[in-house]
1. Does region 173-193 contain any residue that is in contact with a strand residue (DSSP E or B) (Cβ under 8 Å, 6 or more places away or on another chain) and either outside any strand (DSSP E or B) or modelled with pLDDT of 85 or more (or both)?
2. Given the options Glu129, Glu106, Glu111, Glu94, name the one that is surrounded by 15 or more Cβ atoms within 10 Å (Cβ to Cβ) and either away from the ligand (no atom under 12 Å from the Cβ) or modelled with pLDDT under 95 (or both).
3. Would you tally the residues in region 1-48 being part of a helix (DSSP H, G or I) and either modelled with pLDDT under 80 or more than 14 Å from the chain's Cα centre (by Cα) (or both)?
4. Which of the residues that make up region 31-47 are within 7 Å of the ligand (Cβ to nearest atom) and under 12 Å from Asn183 (Cα atoms)?
5. Find the residue count for region 209-225, including only residues that are within 9 Å of the ligand (Cβ to nearest atom), open to solvent by less than 10 Å² (accessible area, probe 1.4 Å) and not in a helix (DSSP H, G or I).
6. Step by step: first the residues of region 44-86, then only those that are open to solvent by 10 Å² or more (accessible area, probe 1.4 Å) and among the acidic types (Asp, Glu), then the one that is farthest from Tyr192 (Cα to Cα). Which residue is that?
Amino acid sequence: MVKTISEQRRKDLDEAIELYLSAYQKKDFVNDDFVEYAGYYRITNEPFSKFLAKANFSDTTKTLSVLSSGDQVFEMVRKGIKKIDTFDINRMTEYFALGFKKRAIECLTYEQFLSLNKYDRIVTKHNNENLEIEKYVIENMEEEYKWFWQELIASLKGEGFNVSVFHFVIDYLYLTKFHYSRNPYMADKEKYKELQQKLLKAKITFQQADIKELPKKFQQYDLIYLSNILEYHEDIFEKSGFPPEEAIKLLKKIYNKMLNNYGEIILTDLMNWFYPEFCGEKLFKENHELIIDGSDRGYILKKKK
Ligand SMILES: C[S@@+](CC[C@H](N)C(=O)[O-])C[C@H]1O[C@@H](n2cnc3c(N)ncnc32)[C@H](O)[C@@H]1O
């Protein structure tokens, strides 16, 4: 059944394209500003599967995760979680990860998917080897995402190069074996096939939100995955006049209000500045269990009643 796009959604997408193009024209996309319209990660840069392996969840676990490249969320689906709410400050993550990448995994073979990911901005400008595969994915997307990508790509066609969905990725993450090994579904064909089946049945929602808005915009969860957003405290908190103490307060609020009893919060890729202060708080000493400590830049805290 073809789902048509509502008038409101079409308006939102129109606006998104306009805003994105104006952001695109102003900068070079090698930088990674975390704003509403920006380049996006093509693949995770975190060893998240190691953390997920220690977390406790089942297929009914109510889960909230940052979206980013989508890889954390895809791994949660592969591990059996059926419904995941996601957020990101960058709206483009929805169009890329849930629009393009999810569909690509669903409808491409493992080899095609890996080949698609070999995109290189410079080479692809002169070579369209993968553009046919990409076009096939776009044509098979949900109507609204298809419309979005076709419009965005058409708007840039006159620029004199081959426009690809990957043209807008943050530059520095070129794919290496190292990145594959962190991403189970890319490292192993059987896991890719497992993910394909499970993605077709999964329900993943997206809401654009700054981490500061989470308690206002979302309800309670059993599992909250915050990736390494808080690591960017200087950008998120200090530059916007939101000092580290506010970051602690925010995390405390997320922990107290948004995490169900016995729920778990995963904080990864946090260097040392944050956790000692967070854990130093009496409240947390008393009511959490540390499932993973920070010795490898990540923490899992389980909330006790
Ligand atoms: C911090 S980045 C780093 C990449 C991440 N380690 C991964 O493997 O995907 C992850 C995502 O966090 C998002 N992000 C950054 N600051 C944010 C904020 N204040 N609120 C919500 N999302 C934010 C970015 O847009 C990006 O998609």
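The values are calculated or read from the model by the stated rules, or taken from the named source; none is laboratory data. Model, not experiment: these values are computed from the prediction. Ideal geometry is used to build each Cβ from the backbone, glycine not excepted, and the neighbour counts take in all protein chains shown. Side chains are part of the model used for accessible areas, which takes the heavy atoms of the whole protein and leaves out ligands, DNA and RNA. Shrake-Rupley method; radii C 1.70, N 1.55, O 1.52, S 1.80 Å.
1. Looking for residues that are in contact with a strand residue (DSSP E or B) (Cβ under 8 Å, 6 or more places away or on another chain) and either outside any strand (DSSP E or B) or modelled with pLDDT of 85 or more (or both), one finds none in region 173-193, hence no.
2. Working: Glu129 fails: surrounded by 15 or more Cβ atoms within 10 Å (Cβ to Cβ); Glu111 fails: surrounded by 15 or more Cβ atoms within 10 Å (Cβ to Cβ); Glu94 fails: either away from the ligand (no atom under 12 Å from the Cβ) or modelled with pLDDT under 95 (or both).
Testing whether each residue is surrounded by 15 or more Cβ atoms within 10 Å (Cβ to Cβ) and either away from the ligand (no atom under 12 Å from the Cβ) or modelled with pLDDT under 95 (or both) leaves just Glu106.
3. Pass one, region 1-48, residues part of a helix (DSSP H, G or I): 7-26, 48.
Right, trim to either modelled with pLDDT under 80 or more than 14 Å from the chain's Cα centre (by Cα) (or both) and you get 7-26.
Here the count works out to 20.
4. Across region 31-47, the qualifying residues are Thr44, Asn45, Glu46.
5. Taking region 209-225 first, the residues within 9 Å of the ligand (Cβ to nearest atom) are 209-214.
With the extra rule that they be open to solvent by less than 10 Å² (accessible area, probe 1.4 Å), the set shrinks to 209, 211, 214.
The next check asks that each one be not in a helix (DSSP H, G or I); those that pass are 209.
Number of matching residues: 1.
6. Only one residue fits best here, namely Asp85.
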